[in-house]
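Note sheet for the following structure.
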Amino acid sequence: MERSEIVSNLETVRHRVSQAARRSGRSPSAVELLVVSKTWPAEVVAHVVEAGHGLLGENKLQEAELKMAGLPSAVRWHFIGRLQRNKARRALALFDAIHSVDSLRLAGHLSRIAGEMGKTARIYLQVNLADEESKGGFSVAQLRKDLPELIAMPNLGIAGLMSIPPAVEQPEEARSSFQKLREVRDSLRSDVGVEIRGLSMGMSHDFEVAIEEGATIVRVGSSIFGPRSPQGLP
Ligand SMILES: *Cc1c(COP(=O)(O)O)cnc(C)c1O
């Protein structure tokens, strides 16, 4: 895709994000746009950075590392892929937040390594709402059980919950999943009395519905860069 097309897509997505926020009575600034740049090379990703966008999402460490080297250091990056424990240190060094923390064990590991690095690991807890075998994440029951331990971890900053709902034909069909994630967040809040604020939910196909249901950060790739080649799919 041409540079001008990518920049115009970015503007369209930003506008749709703002409109969806306003529609649901929220300030557009309450919703962050994470531009998912996975599979696209630095030269292509540079178009959105030069257009003033500074928050990018990647799902593979090595690919991200290469890309970061070719882009301004002011860009902030979030990790959205499956993270192996032995890569926790690298991920914490490179990324401002990790959206895909899917077990108590991984969370504990991140907290420990972050402590060694003198920082706090900013994370989202991934929730597998439909208990899909193919997807990672805490079941709601497991999350309830593990939350007290998660909260007690000294170097873990729980930014919110994240989910990747089952693929649907129509964006509207994803609404109930988004509602459910919000309800889970609200009930955890009142159960444990801890402020879990964020909701990382909504992708190209359905981000407006996600915002209407309370998303605080949406993860959007193909609406901006175009379709990824099949080998680049997660
Ligand atoms: C690839 C990916 C996205 C972006 O998907 P699009 O449909 O291209 O917007 C969002 N979240 C996660 C976890 C992803 O892996």
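For the reader, a short list of remarks on this structure follows.
- Unique match (being away from the ligand (no atom under 16 Å from the Cβ) and at pLDDT below 95) among Pro148, Pro230, Pro234, Pro166: Pro148
So that you can scan it fast, the table gives a plain yes or no per residue for (1) charged (D, E, K, R); (2) without any contact (Cβ under 8 Å) to a residue 40 or more places away in the chain; (3) assigned to a helix (DSSP H, G or I); (4) open to solvent by 10 Å² or more (accessible area, probe 1.4 Å):
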| site | (1), (2), (3), (4) |
| --- | --- |
| Arg22 | yes, yes, yes, yes |
| Ala46 | no, yes, yes, yes |
| Val49 | no, yes, yes, yes |
| Glu65 | yes, yes, yes, yes |
| Ala74 | no, yes, no, yes |
| Leu83 | no, yes, no, yes |
| Arg122 | yes, yes, no, yes |
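- Any chance Val192 is more than 9 Å from the ligand (Cβ to nearest atom), modelled with pLDDT under 95 and touching a Leu at 6+ places or on another chain (Cβ under 6 Å): yes
- Just one of (1) in a helix (DSSP H, G or I); (2) free of Cβ contacts under 8 Å to residues at least 24 places away in the same chain; (3) within 25 Å of Ser111 (Cα to Cα) fails for Leu56. It is (1).
- If only residues of the stretch 195-220 that are at pLDDT 95 or above and more than 24 Å from Val48 (Cα to Cα) are counted, the one that is surrounded by the most Cβ atoms within 10 Å (Cβ to Cβ) is Glu213.
- Of everything listed in (1) out of contact with any helix residue (DSSP H, G or I) (no Cβ under 6 Å at 6 or more places or on another chain); (2) within 13 Å of the ligand (Cβ to nearest atom); (3) open to solvent by 30 Å² or more (accessible area, probe 1.4 Å), the single unmet condition for Asn9 is (1).
- Residue within the stretch 163-186 that is closer than 28 Å to Phe225 by Cβ, polar (S, T, N, Q) and open to solvent by 20 Å² or more (accessible area, probe 1.4 Å) present: yes
- Residue check, Ser223 buried (at least 23 other Cβ atoms within 10 Å of the Cβ), under 26 Å from Val49 (Cα atoms) and either touching a residue at least 24 places away in the same chain (Cβ under 8 Å) or within 17 Å of the chain's Cα centre (by Cα) (or both): no
The values are calculated or read from the model by the stated rules, or taken from the named source; none is laboratory data. Given the structure is predicted, the values throughout are model-derived calculations rather than measurements. A quick note on method: Cβ atoms are made from the backbone with ideal geometry, for glycine too, and the neighbour counts reach across all protein chains shown. Accessible surface areas use protein heavy atoms only, side chains included; no ligands, DNA or RNA. Shrake-Rupley method; radii C 1.70, N 1.55, O 1.52, S 1.80 Å.
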